[in-house]
2 protein chains.
Amino acid sequence: MSHTRALASFLAELAYEHIPASVLDRTEELFLDWMGSALASQGAHPSPLFERYAEMMGPGEGPSGILTNGKGTSAYFAALVNAAASHLVEQDDLHNSSVLHPATVVFPAALAAVEEGGYTGRELLLASIAGYEAGIRIGEFLGRSHYRIFHTTATVGTLAAAIAVGKLFRFDQEQFLNLLGNAGTQAAGLWEFLRDAADSKQLHTAKAAADGLLAAYMTREGLTGARNILEGPQGIAAGMSTDANPARLADRLGSRWALTETSFKFHASCRHTHPAADALLELMQRENLVHSHVAGVVAHVHQGAIDVLGRVVIPQTVHQAKFHMGTVLGLIAVYGKAGLTEFHSYALADPAVKAFGEKVEMVLSPEVDDAYPARWLGRITVTTTDGRVLHAAIDEPKGDPGNTLSRPELEDKFRRLIDFSGARTPDQGEDLIQAVWSIRDRSDLSILTRC
Amino acid sequence: MSHTRALASFLAELAYEHIPASVLDRTEELFLDWMGSALASQGAHPSPLFERYAEMMGPGEGPSGILTNGKGTSAYFAALVNAAASHLVEQDDLHNSSVLHPATVVFPAALAAVEEGGYTGRELLLASIAGYEAGIRIGEFLGRSHYRIFHTTATVGTLAAAIAVGKLFRFDQEQFLNLLGNAGTQAAGLWEFLRDAADSKQLHTAKAAADGLLAAYMTREGLTGARNILEGPQGIAAGMSTDANPARLADRLGSRWALTETSFKFHASCRHTHPAADALLELMQRENLVHSHVAGVVAHVHQGAIDVLGRVVIPQTVHQAKFHMGTVLGLIAVYGKAGLTEFHSYALADPAVKAFGEKVEMVLSPEVDDAYPARWLGRITVTTTDGRVLHAAIDEPKGDPGNTLSRPELEDKFRRLIDFSGARTPDQGEDLIQAVWSIRDRSDLSILTRC
């Protein structure tokens, strides 16, 4: 368990002063992006179900805020509801090679515990960075075999959330080992729900954040856990992976900042559609095409895209449309973008989008598949109505680290997200943006969750 | 998924009137036995940690009672704390062929929801029976490969607890399918903690009962789940078993009452020690031996006993002593019993027990191993100081269905359990016994949890 020990030691010793400014900057950007995702889902099923559950089972008031209804509750329920909300509109961040969505599990747990314990903005940043760095490495450790059956953001998310809160509590190496045990033995979440388009995606992130937080609070109280839950013979990898690589757990700790490899979502669709969407957009702009010029589209994709997107043949709901390559490319072709507004107004309603979608085909590309999941390549072939065959390739989809969103672009995305749901007024939105950009100097963070 | 459908249909249609009187009787007996197990752990680590967590994260009062401190809280936290408490002193029930401890997950969830919703004693019995019948079959379905890595009472326990509460809510077949999805995708719990004698066993049952209850409440609110979580290609069996047998899910539903196959624990030790303990007791009584006559003992056991018990070489704690064959047989030889009092007063302190323990060896027996887990055979060989070699065999350990505990024996066990911790006075204990024996005629069950 030398790799687990190295990871625990790194987590115990990590200090705010060690962290490069660029990492702190990116953490603030990821945090604003996360808040927008959570606020955008106000009122959207199944978000209110989690709010009602918190009201039924939790205290009537408390130190930790629920973003979508502005109410105070205990840290456990704030983490639960905010995590459910932030994984709903498909706008939250993604780390490519771990296939982990870190924000939706790390930030809800960290923020809820920060509010409960009166921690500062710097402590929130440090805790969140610990959660990202460890969570991403644990996701990489469990490998592709894990992701085939298990929703990594649910399973690894429990550990990532726990670690963030454990860092807030200034755990030492021993406590981090116990924490990994207490969080890891709760790790759960199966992909089976995709077949039925069931609501489990939000249940998974809700439970990951809340269970991780529970693990940290109980570890602080003295609950001991398995000290080798990651690498042990009856641990997570033994039970839930066939290609685990323990060396990934401690990969360049302190020199590689995995958090900065995290991608922002530009389009409001499943991430597996983004490379093709960007390639199509580039091709249509380059060739000055409009959608009626297109006779056929082939998206050359990795197997994972076919596995996840192939289930949706004719989308019946907006959520399914976000997992339908034809609809996503149809919105790009007709409207030039595939944001939340386009999905909700046009994805199912516009015959031109539907007609374009019917011209789209996904084909497995060995080149794209070999690069995945480290790189998500976009390769597209368009046949035009006048018989031309055109190609486009993009190597870094919009939002990836090498093609990231600037602060103005992120602010714009945030404004669109809160406008979409009406969860905050434009003025409140500007206040939130300024609060996040100054988070490292703030000792009181209550502005973030109360409206 | 025909087997899952059959199970869901059975659960939806099961009515109190269908249940034989002997099954109702046994359910009351299992319930009393469960309450004793929970009350016995008042004050014992880690039980108070869960009480403190409930106080920190839950409401200050509520309709559902915590057995060990008499406080009211929400159903979620009552289920959490009572489930942790009832799996601590190693006195709760066990179903052999599923290797599931049903009481510690089913009753806490069902009772908490009964109190929250004002249900009757009959509804509690019906709900609990549904949880036992389904949970046992799901445990059998997942097979021995599952139990090798996963703590079945944790994983399957989440489903069993959910089903009990779902039955209370009178779910139809569709709701039960969604409920299985919502509970199954939360199923977690790894054996890795055994290596460190960590506190995860209680965390597992706490989370199973509470998560199962959460699944039922959220399903009632409208949260949809994977409809084929048990048998589907990205479901529990696909991810967490290599020898799953779907036919077990619907095995003789309505004619085989699996609940009545559940064993009571007579000794206060790990169930894997019981067959040998009973065989040794029989041999010593038959031969009129005292412990000083014994030169050596061989316990002929199944592989599972070696896997679980073999880790403890020299017990350092009372809890470890319960997992140490030598100590258990030492208490039997010296004191004629291995109850909670013997463990706490003598297991570590009496040199005669330790000396006897050092003469004990476990040896794998193909006969015992082949019978397991359907039958837990006890086979023992004793060499005496005067050179005799003696054998004893028992085929049904005390507490198994064919050698069960009578109501007076269960009452006596209950009295000893509450006396051990002092959680209730003797008079309160008698009131509780009478309340449980009349549970099917009670509409108000608040006497059970308040002291």
* Asked: What number goes with the only condition from (1) surrounded by 17 or more Cβ atoms within 10 Å (Cβ to Cβ); (2) of a type outside the set (Gly, Ala, Ser); (3) closer than 24 Å to B:GLY330 by Cα; (4) outside the structural domain of B:GLU287 (by TED's automatic domain parsing) that B:ASN403 does not pass?
  -> (1)
* Asked: In the range A:85-110, what residues are open to solvent by less than 10 Å² (accessible area, probe 1.4 Å) and hydroxyl-bearing (Ser, Thr, Tyr)?
  -> A:SER86, A:SER98, A:THR104
* To do: Confirm whether A:SER2 is under 30 Å from B:ALA216 (Cβ atoms) and either open to solvent by 10 Å² or more (accessible area, probe 1.4 Å) or touching a helix residue (DSSP H, G or I) at 6+ places or on another chain (Cβ under 8 Å) (or both).
  => no
* Quickly run through the range A:64-84 and pick out the residues that are open to solvent by less than 10 Å² (accessible area, probe 1.4 Å) and without any contact (Cβ under 8 Å) to a residue 60 or more places away in the chain. => A:THR73, A:SER74
* Asked: Looking only at residues in the range A:212-228 that are within 8 Å of chain B (Cβ to nearest Cβ) and among the hydroxyl-bearing types (Ser, Thr, Tyr), which one is farthest from B:ARG195 (Cα to Cα)?
  -> A:TYR217
* Subset of the range A:248-268 (residues that are in a loop (DSSP other than H, G, I, E, B) and without any contact (Cβ under 8 Å) to a residue 24 or more places away in the chain) -> A:ARG252, A:SER255
* Asked: From A:ALA206, A:ALA183, A:ALA164, which residue is more than 25 Å from B:ASN228 (Cα to Cα), within 12 Å of chain B (Cβ to nearest Cβ) and surrounded by 24 or more Cβ atoms within 10 Å (Cβ to Cβ)?
  -> A:ALA183
* Please state which of the following conditions B:GLU367 fails to meet, knowing it meets all the rest: (1) modelled with pLDDT of 95 or more; (2) of a type outside the set (Val, Ile, Thr); (3) open to solvent by less than 70 Å² (accessible area, probe 1.4 Å). => (3)
* Residue list for the range B:33-48, restricted to those being within 14 Å of chain A (Cβ to nearest Cβ) and either closer than 24 Å to B:PHE264 by Cβ or touching a residue at least 40 places away in the same chain (Cβ under 8 Å) (or both) -> B:ALA44, B:HIS45, B:PRO46, B:SER47
* Structure fact -> Exactly one of B:ARG375, B:ARG379 is more than 25 Å from B:PHE414 (Cβ to Cβ), in contact with a strand residue (DSSP E or B) (Cβ under 6 Å, 6 or more places away or on another chain) and open to solvent by 10 Å² or more (accessible area, probe 1.4 Å), and that residue is B:ARG379
* Asked: Quick one: is B:ALA21 among the aliphatic types (A, V, I, L, M), over 16 Å from B:LEU448 (Cα atoms) and open to solvent by less than 30 Å² (accessible area, probe 1.4 Å)?
  -> no
* Complete set of residues in the range A:221-237 that are in a loop (DSSP other than H, G, I, E, B) and among the β-branched types (Val, Ile, Thr) -> A:THR224, A:ILE229
* Enumeration of residues in the range B:280-305 that are under 23 Å from B:ASP92 (Cβ atoms) and modelled with pLDDT under 95 -> B:GLY304, B:ALA305
* Just to be sure, is A:SER269 polar (S, T, N, Q), open to solvent by less than 10 Å² (accessible area, probe 1.4 Å) and farther than 28 Å from A:ARG170 by Cβ? -> yes
* Considering the range A:91-114 alone, what residues qualify as being of a type in the set (A, V, I, L, M) and either in a helix (DSSP H, G or I) or not assigned by TED's automatic domain parsing to the domain that holds A:SER37 (or both)? -> A:ALA103, A:VAL105, A:VAL106, A:ALA109, A:ALA110, A:LEU111, A:ALA112, A:ALA113, A:VAL114
* Asked: In this structure, is A:GLU133 within 14 Å of chain B (Cβ to nearest Cβ) and either open to solvent by 10 Å² or more (accessible area, probe 1.4 Å) or under 19 Å from A:ASP25 (Cα atoms) (or both)?
  -> no
* Structure fact -> The condition of being open to solvent by 10 Å² or more (accessible area, probe 1.4 Å), facing another protein chain (nearest Cβ under 10 Å) and not small (Gly, Ala, Ser) holds, among A:GLN173, A:GLN234, only for A:GLN234
* Please tell me if B:ARG407 is more than 16 Å from the chain's Cα centre (by Cα), modelled with pLDDT under 95 and of a type in the set (D, E, K, R). => no
* Structure fact -> Flagged pairs (Cβ under 6 angstrom, 6 or more apart or on separate chains; first in the range A:371-393, outside the structural domain of A:HIS302 (by TED's automatic domain parsing); second part of a loop (DSSP other than H, G, I, E, B) and open to solvent by 20 Å² or more (accessible area, probe 1.4 Å)) are none
* How about the range A:334-361: which of its residues are buried (at least 21 other Cβ atoms within 10 Å of the Cβ) and of a type outside the set (Val, Ile, Thr)? -> A:ALA338, A:LEU340, A:GLU342, A:PHE343, A:ALA347, A:PHE356, A:GLY357
* Every pair of residues 6+ apart whose Cβ atoms lie under 7 Å, when the first sits in the range A:1-29 and is within 27 Å of A:LEU405 (Cα to Cα) and in the same structural domain as A:GLY121 (by TED's automatic domain parsing) while the second is modelled with pLDDT under 95 and surrounded by fewer than 16 Cβ atoms within 10 Å (Cβ to Cβ) -> none
* Check A:LEU88, A:LEU67, A:LEU80 and return the single one that is within 14 Å of chain B (Cβ to nearest Cβ), of a type in the set (A, V, I, L, M) and not in a helix (DSSP H, G or I). => A:LEU88
* Asked: Residue check: is B:LEU124 under 28 Å from B:GLY339 (Cα atoms) and of a type outside the set (Gly, Ala, Ser)?
  -> no
* To do: Could you tell me which residue of the range B:194-203 is surrounded by the fewest Cβ atoms within 10 Å (Cβ to Cβ), considering only residues that are within 9 Å of chain A (Cβ to nearest Cβ) and not polar (S, T, N, Q)?
  => B:ARG195
* Structure fact -> Restricting the range A:49-63 to residues that are within 8 Å of another protein chain (Cβ to nearest Cβ) and either in a loop (DSSP other than H, G, I, E, B) or of a type in the set (Lys, Arg) (or both), the one most open to solvent (accessible area, probe 1.4 Å) turns out to be A:ARG52
* Structure fact -> By my count, helices (runs of 4 or more DSSP H) wholly in the range B:320-435 with at least 1 residues that are in contact with a Lys or Arg (Cβ under 8 Å, 6 or more places away or on another chain) are B:325-335, B:340-346, B:366-371, B:407-421
* Structure fact -> Condition set in contact with a His (Cβ under 8 Å, 6 or more places away or on another chain) and part of a helix (DSSP H, G or I), scope the range A:238-247, selection nearest to the other protein chains (Cβ to nearest Cβ): answer is A:MET240
* To do: Identify the residue in the range A:436-449 that is within 19 Å of A:ASN69 (Cα to Cα) and more than 21 Å from the chain's Cα centre (by Cα) and, among all such residues, is surrounded by the most Cβ atoms within 10 Å (Cβ to Cβ).
  => A:LEU445
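The values are calculated or read from the model by the stated rules, or taken from the named source; none is laboratory data. Everything numeric in this text was worked out from a predicted model, so none of it was measured. In this analysis, Cβ positions are derived from the backbone assuming ideal geometry, glycine residues included, and neighbour counts consider all displayed protein chains. Please note that ligands, DNA and RNA were not included when accessible areas were found on the heavy atoms of the full protein model with its side chains. Shrake-Rupley method; radii C 1.70, N 1.55, O 1.52, S 1.80 Å.
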